[in-house]
């Protein structure tokens, strides 16, 4: 579905009109929305400062906005003073982190996305029945660190590629389960799972895929517009897994793509000699930044904006117990 929306051209511009295809869905997902709201409500409930372990979501604009309200972002619980509340990021944390917070008597609020928490529970259940877990994800990503940290060391093996699957040598090939990071490339992950199932026919997996609905939807939206675009701009942070995947999806379809964080990152040279530009945003990028980027484009060339809708999203996640009164 296309929704034409005309934007006025920059004053005196002689440039040809540029068609801008804006992907939908784009931007904030329910898990990101919930995590940001948790920090805001914690600040209302406790007053500043509220400490947040790791960036609540991977977006500099969002993090800076919460800093202005009194949030303090740290990478370790050791940086959190006694007697102040701490929020755990949407990416999830190893079990050792809340255990340490409890040992210190810290008030903590877990803003882990419920879809990430679901993967944690799946890992626990598989481990309890004696299965070894093959976890598909990107080494070093906070979500991966958090998921691996749900079980004792050695209970999970991380694979990042089809080549990693070929190198696996499990103690019992009949007792394997695979799980995945929620923000991966749908296509890459499909290939890795197929390789796992081919090599280990007895391997089990989740009933539905672990890649979250928002990641899948945003990748499908890019696929829907990429073929019509001469170039694509993705709004997101360089450490945002789902944003980086959107760039990859476009480039695999032959469409040059650029990751930007703000409107000021848009290079006017990208708009030279093209007739159609795609715009989307990763799941941790607010709509305000989408508008900022489109305004930056419109300051270079007159544009006609078409919103291309490939899915409707109405997912909402409940807030943690204890924050509801603050939101009432």
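The values are calculated or read from the model by the stated rules, or taken from the named source; none is laboratory data. Source: prediction; values computed, not measured. Note that each Cβ is placed from the backbone with ideal geometry, even for glycine, and that neighbours are counted across all protein chains shown.
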Original post:
Assuming residue 98 fulfils every condition listed in (1) surrounded by 11 or more Cβ atoms within 10 Å (Cβ to Cβ); (2) over 17 Å from residue 147 (Cα atoms) apart from one, which condition is it?
Top reply: (2)
Subject >> Of all residues making up segment 291-304, the number that are buried (at least 20 other Cβ atoms within 10 Å of the Cβ) and in a strand (DSSP E or B) >> reply: 1
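Working carefully through the options 286, 320, find the one that is outside the structural domain of residue 24 (by TED's automatic domain parsing), touching a helix residue (DSSP H, G or I) at 6+ places or on another chain (Cβ under 7 Å) and within 28 Å of residue 66 (Cβ to Cβ). Walk me through how you get there before you give the answer.
Working: 286 fails: outside the structural domain of residue 24 (by TED's automatic domain parsing).
Among 286, 320, only 320 is outside the structural domain of residue 24 (by TED's automatic domain parsing), touching a helix residue (DSSP H, G or I) at 6+ places or on another chain (Cβ under 7 Å) and within 28 Å of residue 66 (Cβ to Cβ).
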Original post:
Only one residue in 43, 18 is in contact with a helix residue (DSSP H, G or I) (Cβ under 6 Å, 6 or more places away or on another chain) and either surrounded by fewer than 22 Cβ atoms within 10 Å (Cβ to Cβ) or closer than 22 Å to residue 235 by Cα (or both). Which one?
Top reply: 43
Original post:
surrounded by 20 or more Cβ atoms within 10 Å (Cβ to Cβ), outside the structural domain of residue 57 (by TED's automatic domain parsing) and part of a helix (DSSP H, G or I) - does that describe any residue in segment 156-163?
Top reply: no
Original post:
With 173, 206, 201 as the choices, which residue is assigned to a loop (DSSP other than H, G, I, E, B) and in contact with a strand residue (DSSP E or B) (Cβ under 9 Å, 6 or more places away or on another chain)?
Top reply: 206
**OP:** Determine the pairs where a residue that is within 19 Å of residue 212 (Cα to Cα), located within segment 184-200, has a partner that is modelled with pLDDT under 95 and surrounded by 15 or more Cβ atoms within 10 Å (Cβ to Cβ) with Cβ atoms under 7 Å apart, the partner being 6 or more residues away or on another chain.
**Re:** 184/211; 186/211; 189/211
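If we keep just the residues of segment 120-150 that are part of a loop (DSSP other than H, G, I, E, B) and in contact with a strand residue (DSSP E or B) (Cβ under 7 Å, 6 or more places away or on another chain), which is surrounded by the fewest Cβ atoms within 10 Å (Cβ to Cβ)?
Here is the first cut: in segment 120-150, the ones part of a loop (DSSP other than H, G, I, E, B) are 129-131, 137-141, 149-150.
Of the ones still in play, those that are also in contact with a strand residue (DSSP E or B) (Cβ under 7 Å, 6 or more places away or on another chain) are 131, 137, 139.
Values: 131: 19, 137: 25, 139: 10.
That would be 139.
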**OP:** Can you give me the number of residues within segment 239-290 that are in contact with a strand residue (DSSP E or B) (Cβ under 8 Å, 6 or more places away or on another chain), assigned to a loop (DSSP other than H, G, I, E, B) and under 19 Å from residue 220 (Cβ atoms)?
**Re:** 3
**OP:** Within segment 74-92, identify whether any single residue is assigned to a loop (DSSP other than H, G, I, E, B), touching a residue at least 40 places away in the same chain (Cβ under 8 Å) and out of contact with any helix residue (DSSP H, G or I) (no Cβ under 6 Å at 6 or more places or on another chain), and answer yes or no.
**Re:** yes
Original post:
So residue 176 clears everything in (1) touching a residue at least 40 places away in the same chain (Cβ under 8 Å); (2) within 20 Å of the chain's Cα centre (by Cα); (3) buried (at least 16 other Cβ atoms within 10 Å of the Cβ) except one condition, right? Which one?
Top reply: (2)
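Of the residues 233, 225, which is at pLDDT 95 or above, surrounded by 18 or more Cβ atoms within 10 Å (Cβ to Cβ) and not in a strand (DSSP E or B)? Step through it out loud before you land on a result.
Values: 233 fails: not in a strand (DSSP E or B).
Result: 225 is the single residue among 233, 225 that is at pLDDT 95 or above, surrounded by 18 or more Cβ atoms within 10 Å (Cβ to Cβ) and not in a strand (DSSP E or B).
Kindly indicate the residue of segment 207-222 that is closer than 23 Å to residue 130 by Cα and surrounded by 15 or more Cβ atoms within 10 Å (Cβ to Cβ) and also modelled with the highest pLDDT among those meeting that condition.
Applying the filter and picking the extreme gives 210.
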Original post:
When you go through 38, 7 one by one, which is the residue that is buried (at least 16 other Cβ atoms within 10 Å of the Cβ), within 25 Å of residue 282 (Cβ to Cβ) and modelled with pLDDT of 95 or more?
Top reply: 38
Original post:
Looking at segment 97-117, which of the residues that are assigned to a helix (DSSP H, G or I) and in contact (Cβ under 8 Å) with a residue 40 or more places away in the chain is farthest from residue 238 (Cα to Cα)?
Top reply: 97
Original post:
From the list 204, 276, 280, which residue is under 26 Å from residue 136 (Cβ atoms), touching a residue at least 60 places away in the same chain (Cβ under 8 Å), more than 21 Å from the chain's Cα centre (by Cα) and not assigned by TED's automatic domain parsing to the domain that holds residue 127?
Top reply: 204
